[in-house]
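The values are calculated or read from the model by the stated rules, or taken from the named source; none is laboratory data. Being a predicted model, the structure only gives us computed values, none of them experimental. Every residue, glycine as well, gets a Cβ built from its backbone with ideal geometry; the counts of neighbours run over all protein chains shown. With ligands, DNA and RNA removed, areas are computed over all heavy atoms of the protein, side chains included. Shrake-Rupley method; radii C 1.70, N 1.55, O 1.52, S 1.80 Å.
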Amino acid sequence: TQLLEQSPQFLSIQEGENLTVYCNSSSVFSSLQWYRQEPGEGPVLLVTVVTGGEVKKLKRLTFQFGDARKDSSLHITAAQPGDTGLYLCAGAILTGGGNKLTFGTGTQLKVEL
Amino acid sequence: DTGVTQSPTHLIKTRGQQVTLRCSPISGHKSVSWYQQVLGQGPQFIFQYYEKEERGRGNFPDRFSARQFPNYSSELNVNALLLGDSALYLCASTLNLGGGETQYFGPGTRLLVL
């Protein structure tokens with residue numbers, strides 16, 4: 001069973017602070033996706049990274065895929081209350097003709113005024 | 001474009017009953033996957049279907065079954081419901097099955113088993 005561990009599990013910060021969320025595994029993934037989920041809703045895709053070492057930026061969010069395609073990080077600059085939510089990383093593994101996503105344990109972020 | 005849709009949005013059942021959840025993928029997407037998300041945890045993979053064939057199965061008991069129809073919509077069935085089946089059930093669609101394919105999620109069906 002492939003496991004994706006996220007850290008930290010919970011994070012409560014003030015508006016304007018920077019933060020980094022880590023996603024680590026012993027497995028190699030064909031791609032890795034980051035999602036944000038609001039209570040009672042489905043995960044919303046933020047980014048997909050495919051190439052080892054790849055860095056993608058989405059406004060104040062910076063995503064990095066590890067060189068070995070086993071880990072990833074999400075960095076948020078100058079966090080805002082609207083960034084509050086559950087952040088999930090998910091690694092894609094090709095298996096049996098399918099493309100299965102293994103989700104991380106999640107990081108619950110709260111940004112306060 | 002219409003995103004992934006799921007029905008119903010909420011459902012309350014009692015132990016031992018059976019439930020059917022429905023999912024319509026994004027137009028043109030051929031693959032549908034089902035996930036279970038228990039409160040406070042990340043989603044867990046249940047099934048993946050592509051072109052009406054099962055392409056992947058997670059570590060769930062045989063009480064869970066699914067199928068995909070010619071129009072690529074899908075149903076997830078759960079028999080003999082247990083309290084522990086209470087969760088948010090998510091459906092995700094992809095265009096194909098390539099390694100870099102992005103899965104787009106629906107809003108989910110929240111199932112409560114009493």
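Residue check: B:Q41 meets all listed conditions (1) modelled with pLDDT of 95 or more; (2) under 28 Å from A:Q9 (Cβ atoms) but one, namely (1).
A:G16 meets the conditions (1) in contact with a helix residue (DSSP H, G or I) (Cβ under 8 Å, 6 or more places away or on another chain); (2) on the phi > 0 side of the Ramachandran plot in every case but one. The failed one is (1).
Screening the stretch A:17-42 for residues that are open to solvent by less than 70 Å² (accessible area, probe 1.4 Å) and among the polar types (S, T, N, Q) and picking the one that is farthest from A:D67 (Cα to Cα) gives A:Q37. Between B:G58, B:G28, the distinction of being under 20 Å from A:L94 (Cα atoms) and surrounded by fewer than 20 Cβ atoms within 10 Å (Cβ to Cβ) belongs to B:G58 only.
Scanning the stretch A:18-50 for residues that are assigned to a loop (DSSP other than H, G, I, E, B) and in contact with a Ser or Thr (Cβ under 7 Å, 6 or more places away or on another chain) turns up A:N18, A:V50. Can you confirm whether the stretch A:59-67 contains a residue that is more than 7 Å from chain B (Cβ to nearest Cβ), farther than 20 Å from A:L3 by Cα, open to solvent by less than 60 Å² (accessible area, probe 1.4 Å) and within 15 Å of the chain's Cα centre (by Cα)? Yes, the stretch A:59-67 has at least one match.
Whenever a residue of the stretch A:70-92 is more than 14 Å from chain B (Cβ to nearest Cβ) and among the acidic types (D, E), its partners that are assigned to a strand (DSSP E or B) and open to solvent by less than 50 Å² (accessible area, probe 1.4 Å), lying with C-beta atoms within less than 7 angstrom and at least six residues away or across chains, give the pairs A:D71/A:C23; A:D83/A:I76; A:D83/A:L109; A:D83/A:V111.
For the stretch A:45-70, a tally of residues being among the basic types (K, R) and over 18 Å from B:E101 (Cα atoms) returns 3.
Just checking, how many residues over the stretch B:76-105 are buried (at least 17 other Cβ atoms within 10 Å of the Cβ), more than 9 Å from chain A (Cβ to nearest Cβ) and in a strand (DSSP E or B)? Residues meeting the conditions: 5. It is to be established whether one or more residues within the stretch A:85-95 are assigned to a loop (DSSP other than H, G, I, E, B) and open to solvent by less than 60 Å² (accessible area, probe 1.4 Å). No, the stretch A:85-95 contains no residue that is assigned to a loop (DSSP other than H, G, I, E, B) and open to solvent by less than 60 Å² (accessible area, probe 1.4 Å). Scanning the stretch A:4-16 for residues that are loosely packed, with under 13 Cβ neighbours inside 10 Å and either within 14 Å of chain B (Cβ to nearest Cβ) or closer than 29 Å to B:R57 by Cβ (or both) returns A:Q9, A:F10.
Is it the case that the stretch B:31-47 has a residue that's more than 30 Å from A:T107 (Cβ to Cβ), in contact with a Phe, Trp or Tyr (Cβ under 6 Å, 6 or more places away or on another chain) and surrounded by 13 or more Cβ atoms within 10 Å (Cβ to Cβ)? Steps first, answer last, please.
To start, the set of residues in the stretch B:31-47 that are more than 30 Å from A:T107 (Cβ to Cβ) comprises none.
Scanning the stretch B:31-47 turns up no residue that is more than 30 Å from A:T107 (Cβ to Cβ), in contact with a Phe, Trp or Tyr (Cβ under 6 Å, 6 or more places away or on another chain) and surrounded by 13 or more Cβ atoms within 10 Å (Cβ to Cβ).
Only one entry of B:G28, B:G16, B:G3, B:G42 meets the criterion of being touching a residue at least 40 places away in the same chain (Cβ under 8 Å), part of a loop (DSSP other than H, G, I, E, B) and at the interface with chain A (Cβ under 10 Å from one of its Cβ atoms), and that entry is B:G3.
The single condition from (1) away from every other protein chain (no Cβ under 11 Å); (2) loosely packed, with under 15 Cβ neighbours inside 10 Å that B:H10 fails is (1). Checked against (1) of a type in the set (F, W, Y); (2) in a strand (DSSP E or B); (3) modelled with pLDDT of 95 or more; (4) farther than 14 Å from B:T109 by Cβ, B:Y35 meets all criteria but (4).
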